[in-house]
Every structure is written in structure tokens, then in C-alpha cells.
1. Could you grab me the full set of residues in the range 32-54 that are of a type in the set (D, E, K, R) and within 8 Å of the ligand (Cβ to nearest atom)?
2. Got a number for residues in the range 115-133 being touching a residue at least 40 places away in the same chain (Cβ under 8 Å), over 14 Å from V179 (Cβ atoms) and not small (G, A, S)?
3. Restricting attention to the range 191-220, and to residues there that are away from the ligand (no atom under 16 Å from the Cβ) and without any contact (Cβ under 8 Å) to a residue 60 or more places away in the chain, which single residue is farthest from Q147 (Cα to Cα)?
4. Condition check: more than 28 Å from G169 (Cβ to Cβ) and either loosely packed, with under 14 Cβ neighbours inside 10 Å or within 16 Å of the ligand (Cβ to nearest atom) (or both). Does S63 satisfy that?
5. So which residues in the range 204-235 are hydroxyl-bearing (S, T, Y) and within 15 Å of K48 (Cα to Cα)?
6. Report whether or not L211 is within 29 Å of P100 (Cα to Cα) and either of a type outside the set (F, W, Y) or at pLDDT 95 or above (or both).
7. Of the numbered conditions (1) within 16 Å of the ligand (Cβ to nearest atom); (2) closer than 30 Å to A126 by Cα; (3) not aromatic (F, W, Y), G27 satisfies every one except a single condition; which is it?
8. Cβ contacts < 7 Å: first residue without any contact (Cβ under 8 Å) to a residue 40 or more places away in the chain and assigned to a strand (DSSP E or B), restricted to the range 2-22; second residue aromatic (F, W, Y) and near the ligand (Cβ under 10 Å from one of its atoms), any location; separation 6+ or different chain. Result?
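The values are calculated or read from the model by the stated rules, or taken from the named source; none is laboratory data. For clarity, every value in this text was computed on a predicted model and none was experimentally measured. FYI the Cβ positions are ideal-geometry reconstructions off the backbone, even for glycines, and counts take in every protein chain you see.
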Amino acid sequence: MSDTVFTARALTKTYTSGEVPVHALRGLDLDVSAGEVVVLLGPSGSGKSTLLNIMGGLDHATSGRLFFRETELTAMDDRELTAYRRRHVGFVFQFYNLIPSLTAYENVAVVTEIAERPMRPDEALALVGLEGRMDHFPAQLSGGEQQRVAIARAIAKRPEVLLCDEPTGALDSKTGIRVIEALLSINAQLGTTTMIITHNASIQDVADRVLFFADGRISKVHKNETRRASAELTW
Ligand SMILES: Nc1ncnc2c1ncn2[C@@H]1O[C@H](COP(=O)(O)OP(=O)(O)OP(=O)(O)O)[C@@H](O)[C@H]1O
């Protein structure tokens, strides 16, 4: 099996829904290795979410090619992309989208009931440090804890990749660090390839590689020789 999970070549995305076309991605080349933690930084509108959505099979590119291992995502129709997404991709968004009437355990079980070889909800919740909160409802959990339930839900199906769009965007520094800690612990224990969009530059220190976006392109790449432990982060 190849060690490269994603290969993007000359990838573009142009939105033509408005009067003026928006060039969200302007020819992007990228290789992501298995088990890598990649942080995406850059100004608002620079194309970070567009790239993650295409990698996650939520959207189609306009031109160029994108592969998940040997499979070409840019050749897939919506039905094939849905199957790819269900099988291989976990998503974490800024807002947790938990079901308020279900406990933490039940929110995770919603996913494990339909996955192919899921872990048990209690295992997934233990991985994010919430073994003691399984019977709590979202309203009884802090923002950081709710986000960790959302992470447990995303990883319970054992996805190969975890795509996170501003996972700490709504959190204060202390709870945000706990969330990053949960993501890194999953990466260490399960080897899940992890991509994290953030506006918080201090998070870049926990990555293997940092991609700086500007105007639909990757303008700079920085490789961290050593990754900083999440406990050492401050913001
Ligand atoms: N569905 C859409 N229709 C039209 N234009 C869009 C759509 N989605 C995104 N765009 C535009 O594409 C560009 C890139 O947006 P994108 O969300 O990828 O940026 P971003 O770097 O993730 O920004 P942010 O950090 O604010 O989330 C922006 O100009 C945005 O307005």
C-alpha cells in the first residue's frame, strides 16, 4: 500500500453561482502522507475550506486531479463520493452538530450503527477522555466536551482521514487545547491522517507540516522537525 494518502495536481475550483466567478483554488499541488498531521493557515477566503471539502468528497473540483491513494476522487460522481466519504472520512466542524435529545454515547452510536467495522461508542469516547461523561446530554457538557463528542463520533468508524475545519474556533484557549490534545492522541493511537484548518497560528506547532494559503494557492510550506506537545500550547 502506498504511503501517500492524497495526491492533488493542478487542482482548481471556480464558483460560478454569482455574477462574478470566484477562483477559490487556482492550481494546487499537494501530497499528504499516511499518519501526517497537517495544519492549514491563511486569511479568510484563501481556499482552505474549499480544499478540505473537495478532499472529503463534499464538493467537486473544477479541473485538475485528486487521488485518495490510487482512487481518483475527481473522476467520481456524487454517489461514489458519498460512498468514499462514509467509508474513509471523518469530519469535525467548528460547530459540533450534536443531537440535543441524545446522550454523548447515543450521539456516537448513531454513527457506529451504520459503519462497517466501528469501535464501540464507549471506546471512541474514552479516546477523547470522555469515559466519565457518556450519559450526559450536550446541554450538560462544556463546549470543549461537546467538540470532543463530535470528534469521537467522527473517528468511531475508524476513518483513514480526519478533516477538521476550525475545530477550536468556538472555544477558549484551555478547552481548545484539550480538543487539539484529543486530535493528536487519536493520530498517535490510530494513525489517522489529520488535516486541521485554523486561524490560530499557535496551533501550527503541533503539526508535521504547515500549509500557508493565499488567494487560492499554497504560498508556503513549513515542515516542523519536532512537533510540539499540545500541553505546551498557549493562545
Ligand atoms: N458555495 C460557494 N459559492 C460561491 N463562492 C464560494 C462558495 N464557497 C466558497 N466560496 C468562495 O471561495 C473563496 C474561498 O473560500 P473558502 O471558504 O475556501 O476560504 P477559507 O480560506 O476556508 O476561508 P475562512 O477561513 O473564512 O473559512 C471565497 O472567496 C469564498 O467566498
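1. Going residue by residue through the range 32-54, those that are of a type in the set (D, E, K, R) are 36, 48.
The one that is of a type in the set (D, E, K, R) and within 8 Å of the ligand (Cβ to nearest atom): K48.
2. Taking the range 115-133 and keeping what is touching a residue at least 40 places away in the same chain (Cβ under 8 Å), we get 115-118, 127-129.
Next, from what is left, pick out any that are over 14 Å from V179 (Cβ atoms): 115-118.
Now narrow it down to the ones that are not small (G, A, S): 116-118.
The number of residues fulfilling the criteria is 3.
3. Residues of the range 191-220 that are away from the ligand (no atom under 16 Å from the Cβ), as a first pass: 191-194, 202, 205-209.
Narrowing further to those that are without any contact (Cβ under 8 Å) to a residue 60 or more places away in the chain: 202, 205.
Working: S202: 19, D205: 21 Å.
Of everything passing the filter in the range 191-220, D205 is farthest from Q147 (Cα to Cα).
4. Values: more than 28 Å from G169 (Cβ to Cβ): yes; either loosely packed, with under 14 Cβ neighbours inside 10 Å or within 16 Å of the ligand (Cβ to nearest atom) (or both): yes.
It is true that S63 is more than 28 Å from G169 (Cβ to Cβ) and either loosely packed, with under 14 Cβ neighbours inside 10 Å or within 16 Å of the ligand (Cβ to nearest atom) (or both).
5. Filtering the range 204-235 for residues hydroxyl-bearing (S, T, Y) gives 219, 226, 230, 234.
S219 - this is the single residue of the range 204-235 that is hydroxyl-bearing (S, T, Y) and within 15 Å of K48 (Cα to Cα).
6. Numbers: within 29 Å of P100 (Cα to Cα): no; either of a type outside the set (F, W, Y) or at pLDDT 95 or above (or both): yes.
Criteria not met by L211.
7. With respect to (1) within 16 Å of the ligand (Cβ to nearest atom); (2) closer than 30 Å to A126 by Cα; (3) not aromatic (F, W, Y), G27 is out only on (2).
8. Listed pairs, sorted by first residue: V22/Y15.
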